[in-house]
Every structure is written in C-alpha cells, then in structure tokens.
Protein chains: 2
Amino acid sequence: MYGIGLDGSTEIWHKGTWMNRPTREKAKQKPPAKRAVPVPKKAPEETRSRVKDDARTLALLWRRQERPARSGLTLSTIIQTAIEVADREGLEALSMRRLAEILNVGTMSLYTHVPGKAELVDLMWDASLDGLYADPDEPKRQPGYRAGLEFVALRNRALFEAHPWLLDLNITRPVIGPNAAAKYEAELRVLDGIGLTDLEIDAVASQLWTHVFASCRWAEEERRAQQESGLTDVEWWARTLPLLESVMFGDFPVASRIGPKSNEMRLPETSTQHHFRWGVEVVVQTVASLVRDREAQR
Amino acid sequence: MYGIGLDGSTEIWHKGTWMNRPTREKAKQKPPAKRAVPVPKKAPEETRSRVKDDARTLALLWRRQERPARSGLTLSTIIQTAIEVADREGLEALSMRRLAEILNVGTMSLYTHVPGKAELVDLMWDASLDGLYADPDEPKRQPGYRAGLEFVALRNRALFEAHPWLLDLNITRPVIGPNAAAKYEAELRVLDGIGLTDLEIDAVASQLWTHVFASCRWAEEERRAQQESGLTDVEWWARTLPLLESVMFGDFPVASRIGPKSNEMRLPETSTQHHFRWGVEVVVQTVASLVRDREAQR
DNA sequence: CGTCGTACCGTACATTGTTCCGTACGCCGT
DNA sequence: ACGGCGTACGGAACAATGTACGGTACGACG
C-alpha cells in the first residue's frame, strides 16, 4: 500500500553525481521519436478531475529519508524549489512545467515523485511549517497563556509573511503531516491544563488561527493591490470615493461614516496591525473569562 | 469614462424578439470564414495577466437598468445564469464557454457585456447579496444587539448555504456594489448607537464576518469531502487514524487527545454547528464587555 | 554480462481565458 | 424607404495549464 513504512535504509547517496548531469538544453534538441499510430481520442466523460489520494499523500508526508534518483531529483528538493518559486512569484506562477525547468528535469519526471499538483501543494503546506516552533513546548514556555497565545499569533503571522501564498490556500481540513502535527500540538499545549475543556481548547485554537489567517490575508490583499495600482489604501480610497459617490444611489449613512474611517491611518499602527492585535485580544479575553468561570465554580 | 452615469432611459424592450431567435446549433454548422493571412504570433511577454479594471466594474455594478441587446443578452441574465451554474455545480464548473452555451450565445459575445471572468465573479458576488436583508434596518429591529448579531450571523450562514461557491472566493477587499453596500450598512447599524466607537464597530463586524465565513467554509469542506469519499467525518477519522498512527513518528499527546474528540458528534449538535455558535457567542460577549466598560466609565 | 524494474520524459490532448478581427443587425437621420 | 454606421455578435486562433500514455534507457542485481 503505497510504500508506507519505508525501508529506512541508511545508505548515503554519493554526492556530486547529479551536478555533472548534462544540462537539459541538449536533450531537448534530440530528434523526437515519432509516434507510429495516432492516439485515439478519449471520451471527455472519462476526464473527470483526479481525486486526491490522501493515503498516498500521507505516506509522502511522513517519508523518513530519501536518496536522490537518477536525475538527482528528490521529493524534498522538488518541494523546496516549489516553495521558493511560490515565495518569490506567488502560487499562480508555480506550474509543473516551470518547476521542472528550474530543476532541470523533464516536466513529467515530477510525476514520478508526486502524484499531482494538488498533492504537491499539500506537501508544500506541511514543509513550510518546518521549524515554526523550536519544540512543541516553546509557546507553553512563555509566561502565562496570554503571552503564549500572543507568541503563537506572532509566529503564525511571521509564517504568512514568509510564505504569502499560504493565504491563497484556504486550508481547512489538510492532510496531517509531521510539521502540521507538531504545530497543532504546540499550539494546543498553550491552552492545556489551564482549566479549559478539550472542546474549548480546540475552539479557541481554531478561532485564533482563523483570525490570524483572515487578518494576514487582509494585509496581503492590501499589499498586492498597492503593488498593482501603486496606490496605498488611503490613496485608493481617496480616488475611489468620489467615483463611488458619483455612481451610488441610496443612502448608507453608517457605512459611509465608518467605512473610510476604518481605513484611515491610526498612527503609530496601521489599520491591519490594529485589526490583528484586536482579534488576538478578543481571543485572550475569551480564554480569561472561561478560566475565571472555572475558578469561580470551584 | 466607461459610461458611468447611464442615461436612465425608461424605454422598455419589446418582449418576444429574442425568443424567436434560431437556436445556435445551426449557426455552428455555418461554413466558417477562412482567415486569409495567418495571424503572426505574439511575443509571450505581452501576454501578462489582465488587471481588473475597478472603475469599469464599479460602473457595471451600479448600472441602473438595461435593455437586452440583439441576442437578448443582458448583463443581469448573464450574472444570474452564472450564479445558477455556480450554485448547482460549483465555481470551477463555470467557464465562459459553458456559460455562453447555456445562454445560447457565442462565447465571445459575453465579452461585450463583461470585461472578463474576474469581473464577472465580482458582479456575481454583489448580485448574490440581493435581498439578504429586507431593508437596512432589519437586523437592528431585532430585540437587542445580541439578537441582532445572531440574526446577522444566521443570515450570512444562509447566504453561504445558498451559494457555497462564495466560500471559494476569498473576499477581502471587494469592489463595492449596491448590495454589498446595503449589507455592510445593515450590519453596521446593529452595532451603531450602543456605545461602541466607530473603530470598534468596524472591528466587531469584520470579526463576525470572518468567523461565519471560516465556520461555513469548514462545514462546506466537510460536505464536499463527504460527498467525494462517501464517508462522514467520523468515519473518515476512523479510517485515517490507524493509517496515520502506523506512519507517524514523534509524540503528540495533547493533539491526539483533542483532535479526534473535537471531531466526535456532540449530539444534538454537530461539530460544525457547535463551532458556529461558539464563535458568535464570543463576538456577542466581546460587545457586551465593551458596552459594560463604557457604561461603567459614565 | 544480461535482464528487469523503474525513473525519466517527449508527445499529445482537453480545457481554460482571452485577443483579434470580420460580419451583420438594427437604429437613426435623411 | 433607405442608406450608413455604431456596435453586438461570434469564429478562429493562441498561450498556458495539468496530466495521461507509453516509449526509452539507466543502473542495480542476479
């Protein structure tokens, strides 16, 4: 079953080999072998979208170690390179062809190592979490759950800033890899043993995640819009508002009072920074009130 | 400038015309006109991704009324049909070709009415909000801000249940259309005048939105996974857990205690229902505590 | 030194959004 | 009634995508 439980061989690959491989430019100029018989067309009904194979992905996620294959390809290097591309140019710039080109490999060679693009992204998600926390107790070591939660929030924000493409992922029920598991464990431990029920722990953790995700996504959206239009948020509103008013019918008194105001600069914090801190504070307060209730009950 | 401020003509189109149009089946069999000269290839550098034109979209969003064009096409019918397809088969099943086919029109005819697919989706977003609230005061009419916020949350959830594709949208800074503006206004009014600052109103409203979105997205993800695999969440875990344990290394005591438990059924509520109510409650409590603080200050 | 598994990868294909441009419909002025 | 013209329509082509198929050749092992 998909090679779960790899043999765990400790053999070390002899370094240097793949660096001597000829560049793929030449291989491309090789005269192509003609196909003798034209391939019959497949009924389009059969081309239904491939379904992700969680079991296979699971095996790849928890792979123990690997030895480069003929071309020097490694699942890890594929994933790392993919992450680099996504970091640099965004998720939509990451195509299998482009990735293969960078790795100096034929496009279809990737498919020997990865079932498909969707699975590759799953693997990228888990890989991007590598080293998020030094150990599963790092957040818990902060003085008190408030500091712990703030620590978690900040680390997650840093994660999104390092890998903005994560915000395009809509991570909800991901396949669980080693790093995701470690992250989850570390973040739950902050809340463990302070008087919350298990269900409450889960709810608080997921709420914190949701908030940080939304907040960072908002910030990233703003960053992209700014880069695209060359306008800051405030400038954009200044330009759009007259346009909007010229076209709008109906009255929106409250919205037009609050909308622009919420987008003004709140020195020394920007709007997004404020939003981030506000949500974290709400989570902290929620926990505080839960803890208080428990203590009063005793 | 893009026809902002339409003339507002009241002329009514003579009904019946477009219904007599021949079906496009025939038109397709018409012998194609050969292109005289082969089109020279364009440099791929020039094929940069089209950037959304907000001003144009704004004009389309706030269009006042419209008269069907030659083929009977109307921006509104395009949008409505697109929404129907997305409701029925999901956003990824919605392609310009498919949409045109359903509308019995050539694919490119759509581009006379809509700048591109991205803008169409923007228009769909706003159109889907039509009638979300009977009027901008409907939420505020509920007895108290708690009931008001719960009302808003439930309406938003109903929205996502009617149009699950909205959950794939990652709506952050959308172009503001009439229905989105009305929604925003109605939801802000619930919080207006109960003692919160404008910044707090905005923060609370956006937090409620974020939560409902995340919660509904979670539920939808689960629904899709279930439909795809034929397994309920509980069954999926029952099948995956042994697989996971067989492959996992390292210890995750807290996660393995809480993870599966959070996914067990909490009768009579399902896990997602519980999560939804929990987050709404947090928002309500936050507002309550803010209001209390204000009253104590006075 | 053969042989066989498998990594590699060229080719092809379906499908996507969109550009380009020719066509023809139908409103408006004469 | 008619002619002109703006504009809605839409066919063909294109670049780009993920990936199915199947041929090739590398290299480990007998």
Exercise. Can you name every residue in the stretch A:167-182 that is in a helix (DSSP H, G or I) and either within 9 Å of chain B (Cβ to nearest Cβ) or in contact with a Ser or Thr (Cβ under 7 Å, 6 or more places away or on another chain) (or both)?
Worked result: A:L167, A:D168, A:P178, A:A181, A:A182
Problem set entry | Test result for A:A86, more than 12 Å from DNA strand C (Cβ to nearest atom), surrounded by 19 or more Cβ atoms within 10 Å (Cβ to Cβ) and not charged (D, E, K, R) | yes
For this session: Among residues belonging to the stretch A:92-102 that are closer than 23 Å to A:R63 by Cβ and more than 8 Å from DNA strand C (Cβ to nearest atom), point out the one that is nearest to the other protein chains (Cβ to nearest Cβ).
Result: A:L94
For this session: Go through the stretch A:248-284 residue by residue and tally those that are at pLDDT 85 or above and crowded, with 18+ Cβ neighbours inside 10 Å.
Result: 11
Seminar exercise, completed: Reported set for the stretch A:48-74 where residues are away from DNA strand D (no atom under 14 Å from the Cβ) and outside any helix (DSSP H, G or I) is A:W62, A:R63, A:R64, A:Q65, A:E66, A:T74
Problem set entry | Only listed residue being in contact with a Pro (Cβ under 9 Å, 6 or more places away or on another chain) and more than 30 Å from A:V190 (Cα to Cα), chosen from A:T74, A:T57 | A:T74
Problem set entry | Considering residues of the stretch B:211-247 that are of a type in the set (S, T, N, Q) and in contact with a Gly (Cβ under 8 Å, 6 or more places away or on another chain) only, the residue modelled with the lowest pLDDT | B:S246
Exercise. Is it true that B:L99 is at pLDDT 95 or above and not aromatic (F, W, Y)?
Worked result: yes
Exercise. Can you find a residue in the stretch A:189-202 that is modelled with pLDDT of 95 or more and more than 7 Å from chain B (Cβ to nearest Cβ)?
Worked result: yes
Seminar exercise, completed: Per the filter on the stretch B:205-235, residues more than 9 Å from chain A (Cβ to nearest Cβ) and either buried (at least 17 other Cβ atoms within 10 Å of the Cβ) or small (G, A, S) (or both) are B:L208, B:V212, B:C216, B:A219, B:G230
For this session: For B:L166, indicate whether it is surrounded by 17 or more Cβ atoms within 10 Å (Cβ to Cβ), at pLDDT 95 or above and not basic (K, R).
Result: yes
For this session: Scan (1) surrounded by 10 or more Cβ atoms within 10 Å (Cβ to Cβ); (2) of a type outside the set (S, T, N, Q); (3) farther than 15 Å from A:L120 by Cβ; (4) at pLDDT below 95 for the single condition A:R56 breaks and write down its number.
Result: (3)
Problem set entry | Residue in the stretch A:128-153 that is nearest to A:V190 (Cα to Cα), counting only those that are among the aliphatic types (A, V, I, L, M) and either in contact with a Phe, Trp or Tyr (Cβ under 9 Å, 6 or more places away or on another chain) or at pLDDT below 95 (or both) | A:V152
Problem set entry | Long-range neighbours under 7 Å by Cβ, at least six apart or interchain, first residue more than 14 Å from chain A (Cβ to nearest Cβ) within the stretch B:63-77, second of a type in the set (G, A, S) and within 14 Å of DNA strand C (Cβ to nearest atom) | B:S71/B:S109; B:L73/B:S109
Problem set entry | Every pair of residues 6+ apart whose Cβ atoms lie under 8 Å, when the first sits in the stretch A:240-255 and is at the interface with chain B (Cβ under 7 Å from one of its Cβ atoms) and within 27 Å of A:G230 (Cβ to Cβ) while the second is outside any helix (DSSP H, G or I) and hydrophobic (A, V, I, L, M, F, W, C) | A:L243/B:I4; A:L244/B:I176; A:S246/B:I4; A:V247/B:I4; A:V247/B:W62; A:M248/B:W62
Exercise. Any idea which of (1) away from DNA strand C (no atom under 12 Å from the Cβ); (2) more than 14 Å from every other protein chain (Cβ to nearest Cβ) is the one B:G148 doesn't satisfy?
Worked result: (2)
Exercise. What is the residue count in the stretch B:108-143 for residues that are over 23 Å from B:T74 (Cα atoms) and near DNA strand C (Cβ under 10 Å from one of its atoms)?
Worked result: 0
For this session: Kindly list the number of the only condition in (1) at pLDDT 75 or above; (2) assigned to a helix (DSSP H, G or I); (3) within 14 Å of DNA strand D (Cβ to nearest atom) that fails for B:E45.
Result: (1)
Problem set entry | Test result for A:V105, at pLDDT 80 or above, within 17 Å of A:L120 (Cα to Cα) and within 8 Å of DNA strand C (Cβ to nearest atom) | yes
Exercise. Going through the stretch A:91-133 one residue at a time, which ones are surrounded by fewer than 16 Cβ atoms within 10 Å (Cβ to Cβ), in contact with a helix residue (DSSP H, G or I) (Cβ under 6 Å, 6 or more places away or on another chain) and under 25 Å from A:K183 (Cβ atoms)?
Worked result: A:D130
Problem set entry | Qualifying positions in the stretch A:103-145 - farther than 21 Å from A:A59 by Cα and hydroxyl-bearing (S, T, Y) | A:T107, A:Y133, A:Y145
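The values are calculated or read from the model by the stated rules, or taken from the named source; none is laboratory data. Note that the structure is a prediction, hence the values are computed from the model and not measured. All Cβ positions, even for glycine, are placed from backbone atoms using ideal geometry, and neighbour counts span all protein chains on display.
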